[in-house]
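The next block holds one structure in the form of structure tokens; read it before the comments.
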């Protein structure tokens, strides 16, 4: 196993935050400013410029208030169409609001304009683009970008396990053979950082642990990691509608981090199935 790098992840979102019903379904729900957002808003109201607007947007996003953040970014975009940070923020905001084609437009702009061949940024953008293609049911395109990620992340177990996770989900949706995944994942060394839900699913999909062991591994974990595991299992069993639905229902019951990558995928699958 490679030397494990330290992982320093602070809080994922504010204690005062938005919810699925407001962000995905546009419910009429008010979310108050927390202290950080109140400070950023006061600065913005005192001097409405690019910097104060982006600071306010960042504060709103930390409260998961994506829908309220978007108009600020769209207004800035009129005069800053070539701005990398703004395009990146819009790319993320749009997929957090389930507008995947708009998201890809901004993410592709960023990928084409990464400065100095920054490998960390190229990896991050390629990975996000792959996942957004997955949301958009474009599984071959998702696979293509995940494959481009591999040489950039083999020394980073945290990113590598995320790439493997989505690659296996793509294979399920494309009805491709399991042995392809085992070969694709052969260099995974289990340094997964905080991505323990991804890790449990990947080890199960590689045939290294049982389904029961994968579930037990996340029994006392965060809602985020349970979401990752249960969505992975739902995708894995996509040909078994009853079992897939069982795991999807489990995943959907954990709504705290509705903007998490796996939760969005599950929500999209749920809405697609409900529409039939």
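Ordering 116-127, 134-145 by mean Cβ neighbour count within 10 Å, with the highest value first, yields 134-145, 116-127. Quick check on the stretch 228-276: take the gyration tensor over C-alpha atoms, sort the square-rooted eigenvalues as a ≥ b ≥ c, and tell me if it's rounded (a/c under 1.5), prolate or oblate. Cα axes put the stretch 228-276 in the oblate bin.
For 104, 97, what ranking results if the residue with the fewest other Cβ atoms within 10 Å of its Cβ goes first?
Ascending number of Cβ neighbours within 10 Å: 97, 104.
Helix 139-153 and the longest principal axis of the C-alpha atoms of the chain enclose an angle of approximately 90°.
Order by neighbour count: 166, 44, fewest other Cβ atoms within 10 Å first, most last. Numbers along the way, then the final one.
On the way: 166 26, 44 19.
Fewest-to-most ranking of 166, 44: 44, 166.
Taken as Cα centroids, the stretch 88-107 and the stretch 253-271 sit 16 Å apart, rounded to the nearest whole angstrom.
Once the Cα atoms are used to define both axes, helix 100-112 deviates from the longest principal axis of the chain by about 90 degrees. Projected onto its three principal axes, the C-alpha set of the chain covers 58, 43, 38 Å, listed from the longest axis down.
With 10 angstrom as the radius, rank 159, 206 by how many other C-beta atoms surround their C-beta, starting from the fewest.
Working: 159 21, 206 17.
Starting with the residue having the fewest Cβ neighbours, the order is 206, 159.
Rounded, prolate or oblate: pick one for the stretch 141-216, where a ≥ b ≥ c are the square roots of the eigenvalues of its C-alpha gyration tensor, a/c under 1.5 means rounded, and failing that, prolate if a/b is larger than b/c, else oblate.
Working: a/c = 1.78, a/b = 1.11, b/c = 1.61.
Oblate.
Answer rounded, prolate or oblate for the stretch 13-118, using the Cα gyration tensor with square roots of eigenvalues a ≥ b ≥ c: rounded when a/c is under 1.5, else prolate when a/b is larger than b/c, else oblate. Note, shape of the stretch 13-118 comes out oblate. Averaging Cα coordinates gives a centre for the stretch 30-68 and one for the stretch 149-190; these two points are 37 Å apart.
Let me check against my output: what whole-number percent is the relative contact order of the stretch 101-162, with C-alpha pairs under 8 Å and at least 6 apart? Could you put the intermediate results ahead of the total?
Numbers: 45 pairs, mean separation 17.1, N = 62.
RCO, the stretch 101-162: 28 percent.
Taking Cα atoms, how many degrees apart are the long axis of helix 241-252 and the longest axis of the chain, rounded to 10 and kept between 0 and 90? So the helix axis and the longest Cα principal axis differ by about 40 degrees.
Bear in mind these aren't lab numbers, they're just calculated from the coordinates by the rules spelled out. Keep in mind the model is a prediction, meaning the values are calculated, not measured. In this analysis, Cβ positions are derived from the backbone assuming ideal geometry, glycine residues included, and neighbour counts consider all displayed protein chains.
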